[in-house]
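**Q** Handing you this structure, nothing more for now.
The values are calculated or read from the model by the stated rules, or taken from the named source; none is laboratory data. Keep in mind that what you see is a predicted model, and the values were worked out from it rather than measured. Here the Cβ positions follow ideal geometry from the backbone for every residue, glycine too, while neighbour counts run over all protein chains shown. When the accessible area is computed, the model is the full protein with side chains, heavy atoms only, and any ligands, DNA or RNA have been set aside. Shrake-Rupley method; radii C 1.70, N 1.55, O 1.52, S 1.80 Å.
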Amino acid sequence: MSAARVAADVVVIGAGAVGAAVAWYATRAGLSVTVVERGAIVSGSSSACEGNLLVSDKEAGPELDLALYSHDLWAGELLEYRELWEFDFKGGLVVASTDAGQAGLAELTVRQRAAGVVVDDVPLTEVPTLEPHLTRDIAGAAYYPQDCQVQPVLLAAHLLRMAREGGATVLTDTPVTGLVRSGDAVTGVVTGRGTIAAPIVVNCAGAWAGEVAALAGISMPVFPRRGFVLVTEPLPPTVFHKVYAGEYVASTQSSDAGLQTSTVIESTRGGTVLIGSSRERVGFDRAPSLPAIREIAAKALRLYPALREVSVMRSYLGFRPYCLDHLPVIGDDPRAPGLWHAAGHEGAGIGLSVGTAKLLVQAMTGAPTDLDLTPFAADRATLQEVAHA
């Protein structure tokens, strides 16, 4: 691309899973799309996660509604592409280690069922049938057949390829340095490779979404929350579902800045086992944290003692884009007309990517949205209040 202005209907900032999904749905709607990514495709949070598509870890409310909507897309209109990104109807098993934890899990499942989640209480005698290597020292379990998994790098890469086949342009190594303005309105982006004019600019910058919003002079309180994942050596079949400890739900809803860990374990098609997870707000610090890694490993062994002699090949970290009120930002921004956001999904961005994208494109094109986007508004009171508290 030269330094001349290039026009598009939509410019998408960010080539992770959310940006890729927005680009693909927009091209399917007949819009001309340019994706700009400051580095390589899938080089941010989408390349440093587990690919979870979960309903089990969400309380009743707007995020769960979005997760169920997204699940219907994964299992419906997107099912024909399942092999491209290794979509797996894996199912999730949530376990409680104490009687108090089991009581909390039982209360959670009641609320979730009322919201449309499919969940089965699992008698302790039947847990070994689902997970033979799981510790027997648990107080209860619940099974969620709607929990699924994808390979997130393959997901974003194929969605971008499909968007390009639909006419989209994808520009890598192209950081956005400014936004083109006409009064308050955003009418394009400025990059080191030129200016792209567009009536719609979509901020899909993940943990960096606040920096993009700042280019328009507005506050978008999306923060990075660092998390580590351990990867074992390839194993014979050992973990058959997504398995996590019940306190994981509480950790996803916590606003604590300090280190929090809760066990999440699952296998991959290659035979490795992914072990998480941790959360802590340390900015964009990429330094390894031995305390976090040790705590993750220790808690995992309590659930799966059979992993004690297994070697960990590596660990990796990513930054979850986190909003303080625990809801993503989806939709147009009335403070800067022409600027739209799809960010702040924290650890749920892979699973919510397709639902977010379809709803966003419906709104862009003036169609009725399948879900009300008001709870996810960029200028919602809960988001701005906590940002300035």
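**Q** Pairs of Cα atoms under 8 Å, at least six residues apart: use those to get the relative contact order of segment 160-296, whole percent. Working shown, then result.
**A** Details: 216 pairs, mean separation 24.8, N = 137.
It comes to 18 percent, rounded to a whole number.
**Q** Mean residue ellipticity at 222 nm from the helices of the chain, using -39,500 (n - 2.57) per DSSP H segment of n ≥ 4 over the full residue count, to the nearest 500 deg cm²/dmol?
**A** Values: 10 runs with 109 residues, N = 389.
So the helix-based figure for the chain works out to -8500 deg cm²/dmol.
**Q** Right, another one. Sorted by packing (mean other beta-carbon atoms within 10 Å per residue), highest first, where do 208-217, 116-125, 103-112 land? Working shown, then result.
**A** Details: 208-217: 19.5, 116-125: 14.4, 103-112: 16.2.
Ranking, from highest mean packing down: 208-217, 103-112, 116-125.
**Q** Which residue fluctuates the most in the chain, going by a Gaussian network model with Cα springs under 10 Å, if the choices are V310, V202, V18?
**A** It is V310.
**Q** Would you please state the base-10 log of I(q)/I(0) at q = 0.32, 0.33 1/Å for segment 62-109, with intensities from the Debye formula using one equal scatterer on every alpha carbon?
**A** These q points yield log10 I(q)/I(0) values of -1.11, -1.13.
**Q** To the nearest 10 square angstrom, what accessible area does Y244 show with a 1.4 Å probe?
**A** 0
**Q** Next question. Quick one: Karplus J couplings for segment 117-134, per residue in order, coefficients 6.51, -1.76, 1.60, θ = phi - 60°, nearest Hz, x for Gly and Pro?
**A** Residue by residue, segment 117-134 yields 7, 8, 8, 10, 6, 10, x, 4, 5, 9, 4, x, 5, 7, 9, x, 9, 6 Hz.
**Q** Enter the accessible area of E59 (Å², nearest 10), with the probe set to 1.4 Å and all protein chains included.
**A** Ignoring ligands and nucleic acids, E59 comes out at about 70 Å².
**Q** Follow-up. How big is the accessible area of H133 in square angstrom, nearest 10, if you roll a 1.4 angstrom probe over the protein chains?
**A** Result for H133: roughly 70 Å² accessible.
**Q** What do you reckon, how do C204, C49 stack up by accessible area (1.4 Å probe), largest on top?
**A** Sorted descending by solvent-accessible area, the residues read C49, C204.
**Q** Post the alpha-carbon centroid distance, segment 180-221 to segment 4-67, in whole angstrom.
**A** Centre-to-centre distance over Cα atoms comes out at 16 Å.
**Q** Would you be so kind as to identify which of L301, L68, S47 lies farthest towards the positive end of the dipole of the chain, taking Lys and Arg as +1 and Asp and Glu as -1 on Cβ and the Cα centre as origin?
**A** The residue sitting farthest along the positive end of the dipole is S47.
**Q** Please find, in a Gaussian network model of the chain (springs between Cα atoms separated by less than 10 Å), the residue of D285, D57, D332 whose mean-square fluctuation is greatest.
**A** D285
**Q** Order L324, L383, most accessible first, counting only protein heavy atoms with a 1.4 angstrom probe. List each step's numbers first, then the result.
**A** Numbers: L324 35, L383 0 Å².
Sorted descending by solvent-accessible area, the residues read L324, L383.
**Q** Suppose a student asked you for the relative contact order of the chain, using Cα pairs under 8 Å spaced at least 6 residues apart; what percent would you report? Write down the numbers at each step before the final one.
**A** Numbers: 901 pairs, mean separation 90.6, N = 389.
Computed over the chain, the figure is 23 percent.
**Q** Starting from the residue with the highest accessible area, list E131, E233 in decreasing order, probe 1.4 Å. All intermediate terms of the calculation are to be shown ahead of the outcome.
**A** Details: E131 0, E233 65 Å².
The ranking, largest first, comes out as E233, E131.
**Q** Between I275, F228, I330, whose Cα lies farthest towards the positive end of the dipole of the chain when Lys and Arg beta carbons carry +1 and Asp and Glu beta carbons carry -1, centred on the Cα centre?
**A** F228
**Q** Give the share of C-alpha pairs in each 10 angstrom bin for segment 110-206, from 0 to the last occupied bin, in whole percents, shortest bins first.
**A** Histogramming segment 110-206 at 10 Å steps yields 11, 24, 19, 15, 18, 12, 1 percent.
**Q** Taking N as the number of residues in the chain, what is its Cα Rg relative to 2.2 N^0.38 Å? Walk me through the intermediate numbers first.
**A** Working: Rg = 20.7 Å, N = 389, 2.2 N^0.38 = 21.2 Å.
That works out to 0.97 for the chain.
**Q** Follow-up question, since we're still on this one. Tally the DSSP beta bridges in segment 91-177 and give the antiparallel ones as a percent, rounded to 5. Write down the numbers at each step before the final one.
**A** Working: 8 of 8 bridges.
Of all bridge pairs located within segment 91-177, approximately 100 percent are antiparallel.
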